Amino acid sequence: MPKAENLITVKELTKTYKTGNLEVFALNAISLNIDKGEFLAIMGASGSGKSTFMNIIGCLDYPTSGEYLMEGKDVLTRDKNELAELRNSKLGFVFQSFNLLPRTSAQENVELPLLYNNKVEASIREKKAIDALTSVGLSDRLGAMPNELSGGQQQRVAIARALVNEPLVIMADEPTGNLDSKTSYEIMGIFQKLNDEGITIVMVTHEPDIAQFAKTNIVFKDGNIIANHPVSDRKIATEELIKIATLTDEKSTT
Amino acid sequence: MKFFNLFRIAYRSLNRNKLRSFLTMLGIIIGVASVIAMLAIGEGSNQTIQKSISSLGTNSIYIFPGTNSNGGVRGGAGSVQSLTLEDADAIAAHCDLVKYVSPIVQRRSQLIFGPKNWNTTVMGIRNDYMLIRSLNVTIGNGISEADQRTASKVCLVGVTVIFNLFGDENFNPIGQIIRINSIPVKIIGVLSKMGQNTFGQDQDDIVLAPFYTVQKRMMISSDHIGSIIASGKTELQVVDAVDQITSLLREKHKIAPSDAIDFTVRTQSELSNIFGSITKVMTILLASIAGISLLVGGIGIMNIMLVSVTERTREIGIRMAIGAKGKDVLLQFVIESILISIVGGLIGIIMGIVVAELVATFGGWPVVITPLSVIVSFGFSSAIGLFFGWYPARKAAALNPIDALRYE
């Protein structure tokens, strides 16, 4: 197996918060490599530091100390505006609560990152948005408002929004936290499909069965990585969905 | 390209939150409209009051002949006949601070109508006199220019004269011929009732006739006139107008700068002072009305802007997460504020004018819309809208995206 290209490298990443006189280590000297094409699931109890880690590698926050390289280039020396550009062009975000703009159609929500990207011409903006929505199976709901969409559909719009600038990495923070298990599996199906197409995915989750769809799991506890292992019995979303379908079929026939 | 994108983002944002946009705009509309309407009503009142006061003659200028002194015995005012019709004409022609001028000749005469007679003042005047003294004719017509030229035997009478000659104040004397010093004169108009002046004189006990009629037909022939009455362009320029008249007449009468003048120029300085203080009070009143209206309007705009931006913290977080820079967010809010301010300001101007006109039409209250009030209210409201849209947005734009995202 050829050695995979390195995408994200963090060394000795530390983040501390001060509460009174006490210094709390949200991250305690974390070092990690994420290769291109990886599908990483980050697990851990709340307060374990997984979201802090996610925010830092998602370029939304700065660590207290440490090093962060993306494609071999230093990230932490850049200012806020450069990080914003980086988020716009290289990263896509998917949140637990979807975070779509209210009263804004699916298509306009997906167009949003393109409006903040100077390199995208107005003429191809609409086409790119429609393509992204089509790739998550929502080509028939372009004009729908978020409140007219189910949770799964809203999350798919959010994924399309994350995809539209053709990012290297998709950062997903508890993407299935607000969804039922069948819809969760559908979202995982989309992630696995995107991953197969070459997009790296970093996902925070506390549900072990969702983490099973990833290639690698790491577990945080008290700001430290306590486990980092490839997933042995990886679930494939398409197969799981068939299983659920047959289960419900059996239930309905019996 | 980039700016156009932000414009599009701002427009979409306003468009999809119509209620919020409207409420924000409402702050500006009410702010601008109230200032314009209040100032229009205030300015209308101010002008009405000023007009009433100036009708008392605050800007009138009286020019009397000077005094005569003979071997240490000095005569009173008017003991020298030094004013001529030419002086009056010269003032009209050369003094640009003077609006109206009329020469006056007057004498006490016996009026006779049928069995009744009455002694009163008959004044020969030019038509400017009516304007200077704010006199109106209630019944009949005023003296025409043709009457003036031809020295027609016509006159205007005050109500006291009517009462004494015809026995009834409300008698319509138009067309009646009365005798003034045996000269038959036709009454063509009745002067509006003026009542007493400040010193208790009955101002309605008077007969006005064309200047030449009195000078040529009723007086012992002479080129000299009794006095001249004039009015300044504005109340505030009366003093300067007096200076102009004085230097003009000095020149005409060939009086050396060291010598005493042979005429007297007087103004109702006491009334002018009252007028000045009333103007000051009205100015302060208007300024306070404007200030308070602007303040109230401004606070309204400020509140809605602050609430609207705070409410959108999460939206700002989303935008930043997907790649909006701080300045993109800021610029978006500034564009939104400008759009709201301009549209709201324009609607406010229209509303303010409509309200002022409604007050004028249905309240019968005079209103005057000054361009300054429109500019000031629009400018101030826009500035407040811009500032209070910009200030919280700047705070939000400086937020950490994750804090903004977490904001509920």
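The values are calculated or read from the model by the stated rules, or taken from the named source; none is laboratory data. Quick caveat: nothing in here was measured; it's all calculated off a predicted structure. So basically every Cβ, Gly included, is an ideal-geometry build from the backbone, and we count neighbours across all protein chains shown.
What number of residues within the range A:100-111 satisfy the criterion of being within 11 Å of chain B (Cβ to nearest Cβ) and either outside any loop (DSSP other than H, G, I, E, B) or not hydroxyl-bearing (S, T, Y) (or both)? Matching residues across the range A:100-111 total 8. Residues of the range A:112-143 that are β-branched (V, I, T), away from chain B (no Cβ under 14 Å) and assigned to a helix (DSSP H, G or I): A:I130, A:T134.
Can you name the helices (runs of 4 or more DSSP H) wholly within the range A:146-254 that have at least 2 residues being in contact with a Ser or Thr (Cβ under 7 Å, 6 or more places away or on another chain)? Step through it out loud before you land on a result.
On the way: elements: A:151-163, A:181-196, A:208-211, A:237-253.
Helices (runs of 4 or more DSSP H) meeting the threshold: A:151-163, A:181-196, A:208-211.
In the range A:8-44, which residue that is modelled with pLDDT under 90 and more than 14 Å from chain B (Cβ to nearest Cβ) is surrounded by the most Cβ atoms within 10 Å (Cβ to Cβ)? Result: A:F25. Note on the range A:156-189: residues that are more than 14 Å from chain B (Cβ to nearest Cβ), buried (at least 24 other Cβ atoms within 10 Å of the Cβ) and β-branched (V, I, T) total 2. In summary, A:I218 fulfils each of the numbered conditions (1) over 27 Å from B:M320 (Cα atoms); (2) surrounded by fewer than 21 Cβ atoms within 10 Å (Cβ to Cβ) with the single exception of condition (2).
When B:P173 is tested against (1) closer than 30 Å to B:T264 by Cβ; (2) touching a strand residue (DSSP E or B) at 6+ places or on another chain (Cβ under 9 Å), just one condition goes unmet, and that condition is (1). Pick from the range A:65-89 the residues that are away from chain B (no Cβ under 14 Å) and among the polar types (S, T, N, Q): which of them is nearest to A:S31 (Cα to Cα)? This residue is A:S65.
Listed conditions (1) under 20 Å from A:Q212 (Cβ atoms); (2) over 16 Å from the mean Cα position of the chain (by Cα) are all met by A:S139, apart from (1). Kindly indicate whether B:L156 is among the hydrophobic types (A, V, I, L, M, F, W, C) and either touching a helix residue (DSSP H, G or I) at 6+ places or on another chain (Cβ under 9 Å) or over 28 Å from B:D89 (Cβ atoms) (or both). Yes; evaluated as a whole, the condition is true for this residue. Residue count for the range B:146-173 satisfying the condition of being more than 34 Å from the chain's Cα centre (by Cα), of a type outside the set (D, E) and in a loop (DSSP other than H, G, I, E, B): 7.
Mind counting the residues in the range B:262-299 that are part of a helix (DSSP H, G or I) and more than 30 Å from B:T24 (Cα to Cα)?
Residues of the range B:262-299 part of a helix (DSSP H, G or I): B:269-299.
Then drop every residue that is not more than 30 Å from B:T24 (Cα to Cα), which leaves B:269-284.
Qualifying residue count for the region: 16.
Restricting attention to the range B:318-330, does a residue exist that is touching a residue at least 24 places away in the same chain (Cβ under 8 Å) and more than 11 Å from every other protein chain (Cβ to nearest Cβ)? Don't jump to the end; show me each part of the working.
Taking the range B:318-330 and keeping what is touching a residue at least 24 places away in the same chain (Cβ under 8 Å), we get B:318, B:320-321, B:326-330.
Cutting the leftovers down to more than 11 Å from every other protein chain (Cβ to nearest Cβ) gives us B:330.
Taking every residue of the range B:318-330 in turn, at least one turns out to be touching a residue at least 24 places away in the same chain (Cβ under 8 Å) and more than 11 Å from every other protein chain (Cβ to nearest Cβ).
Within the range A:90-99, the presence of a residue that is buried (at least 23 other Cβ atoms within 10 Å of the Cβ), more than 9 Å from chain B (Cβ to nearest Cβ) and closer than 13 Å to A:N165 by Cβ is excluded. Annotation note: of A:K182, A:K243, the sole residue that is farther than 20 Å from A:D35 by Cα, among the basic types (K, R) and without any contact (Cβ under 8 Å) to a residue 12 or more places away in the chain is A:K243. Selection of the range B:127-141 for residues being outside any helix (DSSP H, G or I) and either of a type in the set (D, E) or under 25 Å from the mean Cα position of the chain (by Cα) (or both) yields B:N127, B:R133, B:S134, B:L135, B:N136, B:V137, B:T138. When the range B:233-261 is limited to residues that are free of Cβ contacts under 8 Å to residues at least 12 places away in the same chain and not in a helix (DSSP H, G or I), the one that is surrounded by the most Cβ atoms within 10 Å (Cβ to Cβ) turns out to be B:I255.
Just the residues that are within 7 Å of chain A (Cβ to nearest Cβ) and surrounded by fewer than 17 Cβ atoms within 10 Å (Cβ to Cβ), please, taken from the range B:9-24. Please lay out each step first, then the result.
We begin by selecting, within the range B:9-24, every residue within 7 Å of chain A (Cβ to nearest Cβ); these are B:9, B:12, B:16-17.
Within the range B:9-24, just B:R16 meets the criteria.
Checking each residue in the range A:28-49 for being of a type outside the set (G, A, S), out of contact with any Asp or Glu (no Cβ under 9 Å at 6 or more places or on another chain) and not in a loop (DSSP other than H, G, I, E, B) picks out A:L32, A:N33, A:I34, A:F39, A:L40, A:I42. B:P65 falls short on exactly one of the conditions (1) away from chain A (no Cβ under 14 Å); (2) crowded, with 16+ Cβ neighbours inside 10 Å; (3) more than 30 Å from B:I229 (Cβ to Cβ), and that condition is (3). Candidates in the range B:387-403 are the residues that are farther than 12 Å from B:V309 by Cα and buried (at least 16 other Cβ atoms within 10 Å of the Cβ); of these, the one that is farthest from the other protein chains (Cβ to nearest Cβ) is B:L399. Among the residues of the range B:357-380, is there at least one that is within 14 Å of chain A (Cβ to nearest Cβ) and either surrounded by fewer than 17 Cβ atoms within 10 Å (Cβ to Cβ) or closer than 28 Å to A:N165 by Cα (or both)? No, the range B:357-380 has no match at all. Being closer than 25 Å to B:I49 by Cβ, within 25 Å of the chain's Cα centre (by Cα), in contact (Cβ under 8 Å) with a residue 40 or more places away in the chain and surrounded by 13 or more Cβ atoms within 10 Å (Cβ to Cβ) is a condition met by at least one residue of the range B:221-229. When the range B:175-207 is filtered for residues that are under 19 Å from B:N141 (Cβ atoms) and not in a strand (DSSP E or B), the ones remaining, listed by number, are B:G175, B:Q176, B:S192, B:K193, B:M194, B:D204. Only residues that are in contact (Cβ under 8 Å) with a residue 24 or more places away in the chain, of a type outside the set (S, T, N, Q) and away from every other protein chain (no Cβ under 12 Å) were counted across the range A:144-155, and they come to 4.
Just one of (1) within 32 Å of the chain's Cα centre (by Cα); (2) within 14 Å of chain A (Cβ to nearest Cβ); (3) among the acidic types (D, E) fails for B:E408. It is (1).
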